[in-house]
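What follows is one structure encoded as structure tokens, with my remarks underneath.
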Amino acid sequence: MDDSVVITAVASGEVDTAELWEAHAAGADGWRDVNKWTRELPERIAELAGQALAGAGDTAPGDTACVIGSVYGAGHVAETMRARLDAGARSSLAPESFLYFNAHGVTSLICLRHRLRGYCATVLGPGAGLQALALAQRRLRLADDGPVLCGAYEMLSPAAARARDSDPVTGWAAFLVLETATRARERGARVLARLGPVETCPPPLELAADIRATAPLAELAAALTDDGAPATTTVAVAGRRHGYRCTAHKEG
């Protein structure tokens, strides 16, 4: 039995948060638009997740797990709630935004939209994208009960970026569908790449200031959909105490 982990589909793209941050910066005048974008942007993230699932073919949603990483989650919801409370505007809090106050909110939305009923987890913080990848691999090796949708998304607010001494980063989402090689072969899925383990390493100095959870997964997705990319791609990211790296070997 071949229990190596393979990638059978990818999807990656920008989730433009510029209008959300403009609405935040407008204060009370922008609160209505903050509510709008708080609902709409997670739907765009879920749509990209759906593209990855569709690319993998018949993955049986009831057996599909979901592991998502993010540096900040939808923490901007807490920022706007605090601003409204400080302004004494309790009645303007939008109850429909409360879902995203929880770090697991976007992950839950992805599962609801695509009827995923397998194992589900959210990872937050520096290096979260590759940490999510490691968790997804571990899940497959311990309990191969279906594919794992592994992804990351970026909604790092300007305030959060400043707190982390980082420049503002573009909203982005990237997703991979992982399976064991045996299961992928049994269902006749196309294998894009074999995935090595996620390893710890010294923090990559050139990436020390890049805190995006999406960066390594987006790089993998780009390499696996580019016919001119090298056959082997290694991605790395700086975590809190050390770095993480992972290598993918293209198939076919």
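Within the range 190-210, residues that are closer than 21 Å to residue 126 by Cβ and assigned to a helix (DSSP H, G or I) reach partners that are modelled with pLDDT of 70 or more and among the hydrophobic types (A, V, I, L, M, F, W, C) with beta carbons closer than 7 Å, at six or more positions or on different chains, in the pairs 207/236; 207/237; 207/238. Residues in the range 110-146 that are touching a helix residue (DSSP H, G or I) at 6+ places or on another chain (Cβ under 8 Å), modelled with pLDDT of 95 or more and farther than 22 Å from residue 215 by Cα: 113, 114, 115, 116.
Note on the range 173-193: residues that are in contact with a helix residue (DSSP H, G or I) (Cβ under 6 Å, 6 or more places away or on another chain), more than 23 Å from residue 231 (Cβ to Cβ) and either at pLDDT below 95 or surrounded by fewer than 19 Cβ atoms within 10 Å (Cβ to Cβ) (or both) amount to 0. Would you check if residue 212 is modelled with pLDDT of 90 or more and under 25 Å from residue 47 (Cα atoms)? Here the answer is no, as residue 212 does not meet what is asked. Taken over the range 3-35, residues that are buried (at least 16 other Cβ atoms within 10 Å of the Cβ) and free of Cβ contacts under 8 Å to residues at least 12 places away in the same chain amount to 1. In the set (1) in a loop (DSSP other than H, G, I, E, B); (2) within 19 Å of residue 152 (Cβ to Cβ); (3) in contact with a strand residue (DSSP E or B) (Cβ under 8 Å, 6 or more places away or on another chain), the condition left unmet by residue 229 is number (2). The set of residues in the range 217-243 being farther than 25 Å from residue 126 by Cβ and hydroxyl-bearing (Ser, Thr, Tyr) consists of 225, 232.
Within the range 127-158, if we keep just the residues that are assigned to a helix (DSSP H, G or I) and of a type outside the set (A, V, I, L, M), the residue that is farthest from the chain's Cα centre (by Cα) turns out to be 141.
For the range 72-85, taking the residues that are within 15 Å of residue 25 (Cα to Cα) and without any contact (Cβ under 8 Å) to a residue 24 or more places away in the chain, the one that is farthest from the chain's Cα centre (by Cα) is identified as 82. Only one of the numbered conditions (1) assigned to a loop (DSSP other than H, G, I, E, B); (2) farther than 22 Å from residue 73 by Cα; (3) out of contact with any Cys (no Cβ under 8 Å at 6 or more places or on another chain) is violated by residue 179, and that is (1).
Screening residue 235 against (1) surrounded by fewer than 18 Cβ atoms within 10 Å (Cβ to Cβ); (2) more than 19 Å from residue 164 (Cβ to Cβ); (3) touching a residue at least 12 places away in the same chain (Cβ under 8 Å) leaves a single unmet condition, (1).
The values are calculated or read from the model by the stated rules, or taken from the named source; none is laboratory data. Only a predicted model underlies this, so the values are computations on that prediction, with no experimental measurement involved. Positions of Cβ are backbone-derived with ideal geometry, glycine not excepted, and every protein chain shown enters the neighbour counts.
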